[in-house]
Each structure stands twice: as structure tokens, then as C-alpha cells.
1. Out of the residues in region 152-201 meeting the condition of being acidic (Asp, Glu) and either out of contact with any Lys or Arg (no Cβ under 8 Å at 6 or more places or on another chain) or at pLDDT below 95 (or both), tell me which one is nearest to Trp139 (Cα to Cα).
2. If Gly99 satisfies every condition in (1) farther than 27 Å from Gln360 by Cβ; (2) of a type outside the set (D, E, K, R); (3) not in a loop (DSSP other than H, G, I, E, B) but one, which is the exception?
3. Of the residues Arg118, Arg39, Arg92, which is without any contact (Cβ under 8 Å) to a residue 24 or more places away in the chain and more than 29 Å from Leu332 (Cβ to Cβ)?
4. Residues in region 56-70: is at least one buried (at least 24 other Cβ atoms within 10 Å of the Cβ) and either more than 16 Å from ligand 1 (Cβ to nearest atom) or of a type outside the set (A, V, I, L, M) (or both)?
5. Among residues belonging to region 174-204 that are of a type in the set (Asp, Glu) and within 25 Å of the chain's Cα centre (by Cα), point out the one that is farthest from ligand 1 (Cβ to nearest atom).
6. Taking the conditions exactly as written (more than 22 Å from Leu271 (Cβ to Cβ), in contact with a helix residue (DSSP H, G or I) (Cβ under 8 Å, 6 or more places away or on another chain) and not aliphatic (A, V, I, L, M)), does His231 satisfy them or not?
7. What number of residues within region 288-314 satisfy the criterion of being among the hydrophobic types (A, V, I, L, M, F, W, C), farther than 11 Å from Tyr269 by Cβ and away from ligand 2 (no atom under 16 Å from the Cβ)?
8. Return yes or no: is Leu321 within 16 Å of ligand 1 (Cβ to nearest atom) and either in contact with a His (Cβ under 8 Å, 6 or more places away or on another chain) or under 24 Å from Leu33 (Cα atoms) (or both)?
Amino acid sequence: MSAVIDTIETHLVDLPTIRQHKLSMTTMACQTLVLVRMRHSDGIEGLGEATTIGGLSYGPESPESIQCNIDTYLAPLLIGEPSANVNRLRTRMNRHVRGNAIAKSALETALLDAQGKRLGLPVAELLGGAQREHLPVLWTLASGDTHKDIDEAFQRLDDRRHCSFKLKIGANAVDDDVRHVAAIKAALGDRASVRVDVNQAWDEASAVRGIAALQDAGIELIEQPIPARHHAALIRLSQRFHVPMLADEAVQDAQDGFALAAGGFGGAYALKIAKAAGPSGALELAHLARAAGIGLYGGTMLEGTIGTAAALHAWATLDDLAWGSEMFGPLLLTDDIVAEPLRYHDFGVDLPRGPGLGIQLDEDKLAHYRRKH
Ligand code: MUC
Ligand code: MG
């Protein structure tokens, strides 16, 4: 008799960040994870994490809505079902619940973690097999202060932690942002790759002006300069400039990826398990992108260790991550709820070992950081 899903518990976990993290739409001082604990009839527990940025300022799911929608709508679809067939359960969730990709991502992660533990295999092997054990990781400079960002970048370079940096811009006037970015690039010179993420803040005319200046300053990648839905304009920008565009909010899943590629987009896609309803959906987008000649980038929703590990298992299966990854979420947090942190060194992070995600909870820390009301 195969194992069935017995219970699904959700917890909101509030973790302070090491400094303020300033994006175009919000400034974070704390990150809220939704932890999923999925218990099965064979005694195995699968862990998953659903995380977004800044309440409802980044996207249409908030930590509180994720918890409510898992508890009310998604968990009842799964409880009592055989747990080993992840594809069947993904289809069941998609048939009965629209959207809610972040919530679904945590549930798929918990199913994969449980199945990996059951079979004694890492999640990457369930997804076809790891092609790398160490993945490149950039760091995001977003203190809101040019000099602090430069000091932070040199520290990370000296520690051999990161040698690529993404600057969050779009909250200030275009010219001020360009000055800020150009000053950081000039200070770092050839020691580092510098990219920007505008998080949808510009209109097309501002983007044309800003990108031209950023291209001249030696910036290597321009992430989501304009609103997510403006596909035609993003395609035009990708054809106009030789600095590549990275589609992030514009490309949630394989359907978006197909539409952009068919429309003539050239550049790269940011893969995120949170956007694509889990590791499998993110890999579907990756395979589509590869077929269309579009570069890949392992993206984050600033998850803690559990969500970051789930993404790492997925990205490790890809033979070509042309733009590396940004799986630094745990490093932005002052603490986490796991027993062993991920190992960051030599400008990247190791794929965790062991069955499932290879991550264990620290129950004391969970009790400490769990939202109590
Ligand atoms: C985003 O839009 O890419 C990733 C890194 C970071 O600092 O913010 C996220 C979200
Ligand atoms: Mg982005």
C-alpha cells in the first residue's frame, strides 16, 4: 500500500534581513516565509517554502493569502491522496485552483522532498539528475546608498563570496539611478560583472534613455526594465540594444516564455520556482527557453534555505546556466530555521547532499521565529 498524505501544516516565519533591501516597489527589513510541513502515512515529512517579497507589493500573493489558500483550498485536494505521483498531484492542484503559483510551489517542493527521503535520493535525481554540485551565485546590492554598496561589493569579492552583482534600481529618477550604477561599475572595474534589476519601474521611453546610458557604462544585463505585461515593448528593447534584457516578472511560466520567444524576444529568462508553481514548471520554462536560444538565469524570490535548496536542485539539472544564479536568499537573513546552513564559497553555493532537499529543520528556531498570532 503506497503512502498517502496525512496532514499539511503551514507556518508564517518572520526573519529580519541583515540590512534594508531597497527595491523599486518596497524596502524590506524583514522576510516572511510560509513553511509547509507535509506528513505522510509512512512517517515521512516533506518540507516546502512559499515566499514572496514585501507583502503584496511584488505580486498578487501575500504570505497571509498563501497560508490561507493552502489551508482552505489546496491542502484538502491533497490530503488522503497517494503521495508518490507528483505529476498527478500537480495536475489535480492546477485543475481545481487557478493561479497561486507560490503556494503550489511550496506544496510541490514538499512532495518532492518526501519522495526523495522515501527513495533515499536527492530531489535533483528525481528531476533527472544533477549536472553540477556547485552553482555560481551573485549578490544584490540594494542598501540604497552608493558608497555602502561599493564597500559591500569589495567585501564580498575579498571573501570570494560573489563576483557578480545585481543593483536594484527604479525607485529614483532615471538619471540618478544611472549615476549610482555607473559609479559602482567604475569602482569595481573588471573585477566584477554588474547587472541591474529595474523591477518594472520604467516606461518604454525612460527605458530607452536609461538602457543606452547603462550600456555605455558597461552594465552586462538589464532585468525587467518595464511592466511585466508590456511584452511587445520588451521585445523591441531586446532587439534595439546589444546589452541583453533579462525577462523576470514578464515570464512566469512556459506559456509566457513561449509567447515572448515567438514574438522575437532575444536575451535571457529568470527562472523562479515561485513563479512557475514549483521546480517542474520552472524546468519546463528552462527547456522551452533552451529550444528558443534564450539564456537561463536561476532566480530567487529571496527565499530562506528550504526554498533556495529546492531551486538549487532544479537548476543543478541544467547543463547551461549562462547567467548563473542569484540563490543568495539565506545570506540576506540574520537567521534561518534550519539545522545546517547552505555552504557558500568560491563565488557560489554547494548543492545540499542527502535524500530529498538535504535540509533539516531546527525546531527551536522555528518555535522562536514562527508568527504566534
Ligand atoms: C527580483 O525581482 O529579481 C531577486 C533578488 C533580489 O534582490 O530581489 C529579487 C527579486
Ligand atoms: Mg527581478
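The values are calculated or read from the model by the stated rules, or taken from the named source; none is laboratory data. As the structure is a computational prediction, the values presented were derived from the model and not from experiment. Note: ideal-geometry Cβ built from the backbone for every residue, glycine included; neighbour counts use all protein chains shown.
1. Residues of region 152-201 that are acidic (Asp, Glu), as a first pass: 152, 158-159, 175-177, 190, 197.
Those left that are additionally either out of contact with any Lys or Arg (no Cβ under 8 Å at 6 or more places or on another chain) or at pLDDT below 95 (or both): 152, 158-159, 175-177, 190.
Values: Glu152: 10, Asp158: 13, Asp159: 12, Asp175: 23, Asp176: 22, Asp177: 18, Asp190: 16 Å.
Looking at residues that are acidic (Asp, Glu) and either out of contact with any Lys or Arg (no Cβ under 8 Å at 6 or more places or on another chain) or at pLDDT below 95 (or both), I get Glu152.
2. It is condition (3) that Gly99 fails.
3. On the way: Arg118 fails: without any contact (Cβ under 8 Å) to a residue 24 or more places away in the chain; Arg39 fails: without any contact (Cβ under 8 Å) to a residue 24 or more places away in the chain.
Result: Arg92 is the single residue among Arg118, Arg39, Arg92 that is without any contact (Cβ under 8 Å) to a residue 24 or more places away in the chain and more than 29 Å from Leu332 (Cβ to Cβ).
4. Initially, region 56-70 is screened for residues buried (at least 24 other Cβ atoms within 10 Å of the Cβ), giving 66, 70.
Of the ones still in play, those that are also either more than 16 Å from ligand 1 (Cβ to nearest atom) or of a type outside the set (A, V, I, L, M) (or both) are 66, 70.
Among the residues of region 56-70, at least one is buried (at least 24 other Cβ atoms within 10 Å of the Cβ) and either more than 16 Å from ligand 1 (Cβ to nearest atom) or of a type outside the set (A, V, I, L, M) (or both), which makes the answer yes.
5. Just the residues of region 174-204 that are of a type in the set (Asp, Glu), to begin with: 175-177, 190, 197, 203-204.
Pick out the ones that are also within 25 Å of the chain's Cα centre (by Cα) and you get 177, 197, 203.
On the way: Asp177: 15, Asp197: 5, Asp203: 18 Å.
Going through the qualifying residues, I end up with Asp203.
6. On the way: more than 22 Å from Leu271 (Cβ to Cβ): no; in contact with a helix residue (DSSP H, G or I) (Cβ under 8 Å, 6 or more places away or on another chain): yes; not aliphatic (A, V, I, L, M): yes.
Against the criterion (more than 22 Å from Leu271 (Cβ to Cβ), in contact with a helix residue (DSSP H, G or I) (Cβ under 8 Å, 6 or more places away or on another chain) and not aliphatic (A, V, I, L, M)), His231 does not qualify.
7. First pass over region 288-314, keeping only residues among the hydrophobic types (A, V, I, L, M, F, W, C): 288-289, 291-292, 294, 296, 301-302, 306, 309-312, 314.
Filter once more, keeping what is farther than 11 Å from Tyr269 by Cβ: 291, 301-302, 306, 309-312, 314.
Going one step further and asking which of them are away from ligand 2 (no atom under 16 Å from the Cβ), we end up with 291, 306, 309-310, 312, 314.
Number satisfying all stated conditions: 6.
8. Details: within 16 Å of ligand 1 (Cβ to nearest atom): yes; either in contact with a His (Cβ under 8 Å, 6 or more places away or on another chain) or under 24 Å from Leu33 (Cα atoms) (or both): no.
Spelling it out, it is not the case that Leu321 is within 16 Å of ligand 1 (Cβ to nearest atom) and either in contact with a His (Cβ under 8 Å, 6 or more places away or on another chain) or under 24 Å from Leu33 (Cα atoms) (or both).
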